[in-house]
1. What are the residues in the range 52-66 that are touching a residue at least 24 places away in the same chain (Cβ under 8 Å) and surrounded by 14 or more Cβ atoms within 10 Å (Cβ to Cβ), if any?
2. If I filter the range 88-115 down to residues being part of a strand (DSSP E or B) and among the β-branched types (Val, Ile, Thr), which single residue comes out as nearest to residue 32 (Cα to Cα)?
3. Quick one: is residue 101 small (Gly, Ala, Ser), open to solvent by 40 Å² or more (accessible area, probe 1.4 Å) and within 18 Å of residue 8 (Cα to Cα)?
4. Can you tell me which residue in the range 52-67 is nearest to the chain's Cα centre (by Cα), limited to those that are closer than 18 Å to residue 97 by Cα, of a type in the set (Ser, Thr, Tyr) and not in a strand (DSSP E or B)?
5. Look at residue 70 and say whether it is touching an Asp or Glu at 6+ places or on another chain (Cβ under 9 Å) and in a strand (DSSP E or B).
6. Considering each residue of the range 9-51, count those that are touching a residue at least 60 places away in the same chain (Cβ under 8 Å), over 28 Å from residue 115 (Cα atoms), of a type outside the set (A, V, I, L, M, F, W, C) and in contact with a Lys or Arg (Cβ under 8 Å, 6 or more places away or on another chain), and give that number.
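The values are calculated or read from the model by the stated rules, or taken from the named source; none is laboratory data. Since this is a predicted model, take the numbers as computed values, not measurements. Glycine also receives a Cβ, built like all others from the backbone with ideal geometry; neighbour counts cover every protein chain displayed. Accessible surface areas use protein heavy atoms only, side chains included; no ligands, DNA or RNA. Shrake-Rupley method; radii C 1.70, N 1.55, O 1.52, S 1.80 Å.
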Amino acid sequence: QLQLVASGGGLVQPGGSLRLSCAASGIVVSSYLMRWYRQAPGKQREWVANINSYGNAGYTDSVKGRFTISRDNAKNTVSLQMNSLKHEDTAVYYCNVDRGSETYWGKGTLVTVSS
């Protein structure tokens, strides 16, 4: 059974850093396009970053240069290092993968950027 579990969220001041982790079971993350999404209060869920099986990463414009997605094949996890956090990064962050015709979402982790 495929499961994704996101962790690492919390309260951080503007300019601070957090590292999110998505632990996967039922798949080998290095074989899939793994994504991070986020949903801010009152807004639609939006794509944040992804990493493909070749290790190539993509980012939405608002996080380029601040966020880095990576993969730990030994631990079968995907991480999102978030630096220079801003108030507008406050959201619930989710990891996501498509397998066949199905899309899987992990339970989100809340990131709050506030002074």
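1. Taking the range 52-66 and keeping what is touching a residue at least 24 places away in the same chain (Cβ under 8 Å), we get 62-63.
Within the range 52-66, 63 is the sole residue that qualifies.
2. Initial filter on the range 88-115 (part of a strand (DSSP E or B)): 91-99, 102-105, 107, 109-113.
After this cut, where a residue has to be among the β-branched types (Val, Ile, Thr) as well, the list is 92, 97, 103, 109, 111-113.
Details: 92: 22, 97: 7, 103: 12, 109: 21, 111: 25, 112: 29, 113: 30 Å.
Only one residue fits best here, namely 97.
3. Spelling it out, it is not the case that residue 101 is small (Gly, Ala, Ser), open to solvent by 40 Å² or more (accessible area, probe 1.4 Å) and within 18 Å of residue 8 (Cα to Cα).
4. Looking at the filtered set, the residue picked out is 60.
5. On the way: touching an Asp or Glu at 6+ places or on another chain (Cβ under 9 Å): no; in a strand (DSSP E or B): yes.
So residue 70 does not fit the description; no.
6. 1
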